[in-house]
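Colleague: First the structure, which I've put down as structure tokens, then a few questions once you've had a look.
The values are calculated or read from the model by the stated rules, or taken from the named source; none is laboratory data. Note that the structure is a prediction, hence the values are computed from the model and not measured. Glycine also receives a Cβ, built like all others from the backbone with ideal geometry; neighbour counts cover every protein chain displayed. Note: accessible area is taken over every heavy atom of the protein model, side chains too, but ligands, DNA and RNA are not part of it. Shrake-Rupley method; radii C 1.70, N 1.55, O 1.52, S 1.80 Å.
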Amino acid sequence: MLGTAFAVSGCAVRPLAIDDDAHRQRAQDDQHRLYDDQEALTQPLTLADAVARALRYNMDYRTRLMEEAAAMGQLDLANFDLLPRLTAQAGYSWRDNDSFGYGYTPAGTISTTPSSAVERTHHTNNVTFAWNVLDFGLSYVRAKQLADQSLVAEERRRKAQQNLLLDVRTAWWRAEAAQRLLPQMDALLHDVDQAAARARVIETRKLLPPLQIVAYRRSLLDLTQQLVLRRQELEQARLEFAQLVNLRPGQDFQVAAVAADQPPMPLLNTRPETLEALALEHRPELREEAYRARIGDLEGRKQMLALLPSLGFDVGTNYDSNRYLLNNRWASAGMNVSFNLLKVFSMPAVKRNAAANARIDESRRLAVTAAVLAQARMAAVRYALLNDELTVWNDAVQDDSRIVGYLSASNQAGLETELELIRARARWMISKVNRDLVHANVQGAVGRLYNSLGIDPLPLEMESSAPQALVAALEERLGKWEAEHFAPAALPEQQPVALAPVAGVPKEARAAFNDAMARILRLSKIPVAAAGKPAAFKVDTSIKLQPPGAAGQVARMTIRLVDATGKVLLEAEQSSTLVTPIGQDQWRALGEGAAYRLVTPLRGAARRATVAPAPAPAVAAAPVSGGTPSAQQLLGAADQVKAQVSHKIDAAKNK
């Protein structure tokens, strides 16, 4: 006993930590496996190059590929379970004495002479072929379930591919914006630092009042904070893109350059009903639910099969080396039937369980259907809204650019002018960053729409093709899909605006005021109607001069913009302090300020006139190509679809 205790204690398992050298070696090996076998970057990455590289090297997607391969391996193993069992067995027997025993005679008395028919040492072997009908049926159903599981893994791989395309598309455009804007932001931050250094010199030499110079430096700090935050966002965008295409951390890369001023994004010309039909047909989630329903149905059949009697057959050949046997070799065959009678009583419960699981599968599929319908609609809504937001940011960038130009060309000099110029440049830079990030989001919305429909960017069998073939196939497929569902956006036709004579301005200064207004409007691509000509809009401007004061003379300007129907589109007031005597340059500056207030409302009116609202489409209408519904129409139709599907879900649950 003591020896046994020592032996058992010696076999006890104790924790064995991996040493630091092994961890270090593992880290080096993992890095080599992650990055060394990749194709080297020899040129800037286009969007198609980035998607192809992500499909080949992205580790999350490669994990999905391994999961699909594992599912296929399980199916291969299950197919072997369908075969009968062919068992070969061999044995050896030894004992230290003979197995003598007493028999009994036909008369019922015990024999006095012991006998034995078994040798002390002998060996046996046999080969048996066995087949169980019930086991075969259960294995067949299980193999069909695993076949459907492999199809589920394929659909999940499709979804991973579609999500990867969406992420890479958005990240590529954000990385492109970062590549273009980061050098400009660094230069602007350098100028802000120089301005702060000059402010410190002015403060040291007491060239300006302390409060004024402190306020100036505080304004520079605010600008620096805003620029640094935007810069961090752009740097993070480059890191996210590098991770998606599996580049080594810190590796330098370039994306293909695009023009800073992109043409207007195209309009979606496919009706929501058509998008819904495509989504319901192609979405991997719905196909996965169909396979899961088949798996659940097969599970119910398997439970019913388990209630049947078990019928087995076996045939074999045997050998025993025992020399006391008359026949050392013999063949055997048999059949057996077993039936658990108590299991019959569980049949109603099995049927109820199968019916409940079927209802759950149906409810889950309807819930996924509702989500898919809503996602298809909302993808179209999101694209339209982001496209409108991009238009606004384009206008903001243009206006900020003009402001910087006017301030840079100003003949005035001083701390206030320098601060205003730096502020204007920072605002212009932030507007460009916002514009480019919104443009990346619009491109992502195109990918989101593509993703919501479940369209594959590539056939799954092409992923093992050469990189050049992948790039060509991606460009062709994506270009074809976008050509089918998008149409070039028509630029809004700007209607002419008439400038009424300004009130409150001396007669000799009216021409300068009106000329300044007209010049800014024409630079903004807004035509100005000649006197007496018809116009779609009219501008009424009046100025009231206050009595001169110590700081100058305050001019209160009222601007009123109306359309041809008399609807007021803009009514605004602004005050400016003029230096007496008031010269022509100051009247021109007032005219330019009034024109800047008019540009955005006039552009918005042109866009609203270009895209006229259409009646809301009926949910049950047949898909018809053409037409771009508004966001309100899409949301209303999506709510109706959700209500219908929710009603179906409730009905399924009540069955």
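Colleague: So in the range 72-88, with the set limited to residues that are open to solvent by less than 60 Å² (accessible area, probe 1.4 Å) and not in a helix (DSSP H, G or I), which one is modelled with the highest pLDDT?
Modeller: Pro84
Colleague: Run Gly91 past the list (1) over 30 Å from Leu151 (Cβ atoms); (2) open to solvent by 80 Å² or more (accessible area, probe 1.4 Å) and report the number of the one that doesn't hold.
Modeller: Looking at each condition in turn, Gly91 falls short on (2).
Colleague: Regarding the range 242-255, can at least one residue be identified that is within 25 Å of Leu189 (Cβ to Cβ), in a helix (DSSP H, G or I) and open to solvent by less than 40 Å² (accessible area, probe 1.4 Å)?
Modeller: Yes, the range 242-255 contains a residue that is within 25 Å of Leu189 (Cβ to Cβ), in a helix (DSSP H, G or I) and open to solvent by less than 40 Å² (accessible area, probe 1.4 Å).
Colleague: So which residues in the range 85-115 are within 60 Å of the chain's Cα centre (by Cα) and closer than 19 Å to Ser321 by Cα?
Modeller: Ala88, Gln89 - these are the residues of the range 85-115 that are within 60 Å of the chain's Cα centre (by Cα) and closer than 19 Å to Ser321 by Cα.
Colleague: Regarding the range 163-178, can at least one residue be identified that is closer than 26 Å to Tyr61 by Cα and open to solvent by 60 Å² or more (accessible area, probe 1.4 Å)?
Modeller: yes
Colleague: Test Thr274 against the criterion of being assigned to a helix (DSSP H, G or I) and either in contact with a Pro (Cβ under 7 Å, 6 or more places away or on another chain) or surrounded by fewer than 15 Cβ atoms within 10 Å (Cβ to Cβ) (or both), and give yes or no.
Modeller: Answer is yes for this residue.
Colleague: Something else about it: Give me the residue from the range 20-45 that is open to solvent by 90 Å² or more (accessible area, probe 1.4 Å) and in a loop (DSSP other than H, G, I, E, B) and, out of that set, nearest to Arg248 (Cα to Cα).
Modeller: Among them, the one singled out is Asp37.
Colleague: Then there is this: Could you look through the range 289-347, keep only residues that are in contact with a strand residue (DSSP E or B) (Cβ under 6 Å, 6 or more places away or on another chain) and not in a strand (DSSP E or B), and pick out the one that is surrounded by the fewest Cβ atoms within 10 Å (Cβ to Cβ)?
Modeller: Here the answer is Pro309.
Colleague: Right, next: Filtering the range 46-71 down to residues that are farther than 21 Å from Arg477 by Cα and of a type in the set (Gly, Ala, Ser), which residue is least open to solvent (accessible area, probe 1.4 Å)?
Modeller: If we take residues in the range 46-71 being farther than 21 Å from Arg477 by Cα and of a type in the set (Gly, Ala, Ser), then Ala71 is least open to solvent (accessible area, probe 1.4 Å).
Colleague: Can you find even one residue in the range 119-136 that is open to solvent by less than 30 Å² (accessible area, probe 1.4 Å), assigned to a helix (DSSP H, G or I), touching a residue at least 12 places away in the same chain (Cβ under 8 Å) and acidic (Asp, Glu)?
Modeller: Within the range 119-136, not a single residue is open to solvent by less than 30 Å² (accessible area, probe 1.4 Å), assigned to a helix (DSSP H, G or I), touching a residue at least 12 places away in the same chain (Cβ under 8 Å) and acidic (Asp, Glu).
Colleague: Just one of Ala374, Ala370, Ala356, Ala379 is open to solvent by less than 40 Å² (accessible area, probe 1.4 Å) and under 30 Å from Leu307 (Cβ atoms); which is it?
Modeller: The match here is Ala356.
Colleague: Still on this model: Quick check on the range 97-105. Is at least one of its residues modelled with pLDDT of 85 or more, surrounded by fewer than 16 Cβ atoms within 10 Å (Cβ to Cβ) and not in a helix (DSSP H, G or I)?
Modeller: Taking every residue of the range 97-105 in turn, at least one turns out to be modelled with pLDDT of 85 or more, surrounded by fewer than 16 Cβ atoms within 10 Å (Cβ to Cβ) and not in a helix (DSSP H, G or I).
Colleague: Sticking with this structure for a sec: Can you name every residue in the range 570-585 that is open to solvent by 50 Å² or more (accessible area, probe 1.4 Å) and either in a loop (DSSP other than H, G, I, E, B) or touching a strand residue (DSSP E or B) at 6+ places or on another chain (Cβ under 9 Å) (or both)?
Modeller: Glu571, Glu573, Ser575, Thr577, Val579, Thr580, Pro581
Colleague: From the list Leu478, Leu561, pick out the single residue that is assigned to a helix (DSSP H, G or I), at pLDDT 80 or above and of a type in the set (A, V, I, L, M).
Modeller: Leu478
Colleague: Under 7 Å by Cβ, and 6 or more places apart or on different chains, what pairs join a residue from the range 363-374 that is within 16 Å of Leu453 (Cα to Cα) with one that is charged (D, E, K, R)?
Modeller: Close Cβ pairs (under 7 Å, with a partner that is charged (D, E, K, R)) amount to Val368/Glu285; Val368/Glu289; Ala370/Lys642; Val372/Arg283; Val372/Glu285; Leu373/Glu276; Ala374/Lys642.
Colleague: Return the residues of the range 410-433 that are part of a helix (DSSP H, G or I), polar (S, T, N, Q) and either open to solvent by 20 Å² or more (accessible area, probe 1.4 Å) or modelled with pLDDT under 85 (or both); say none if nothing qualifies.
Modeller: Residue satisfying the conditions is Thr417 alone.
Colleague: Hey, Glu235 hits all of (1) assigned to a loop (DSSP other than H, G, I, E, B); (2) under 39 Å from the mean Cα position of the chain (by Cα) but one; which does it fall short on?
Modeller: (1)
Colleague: Taking Arg588 as the residue in question, decide whether it is in a helix (DSSP H, G or I) and within 48 Å of the chain's Cα centre (by Cα).
Modeller: Judged against the criteria, Arg588 is not a match.
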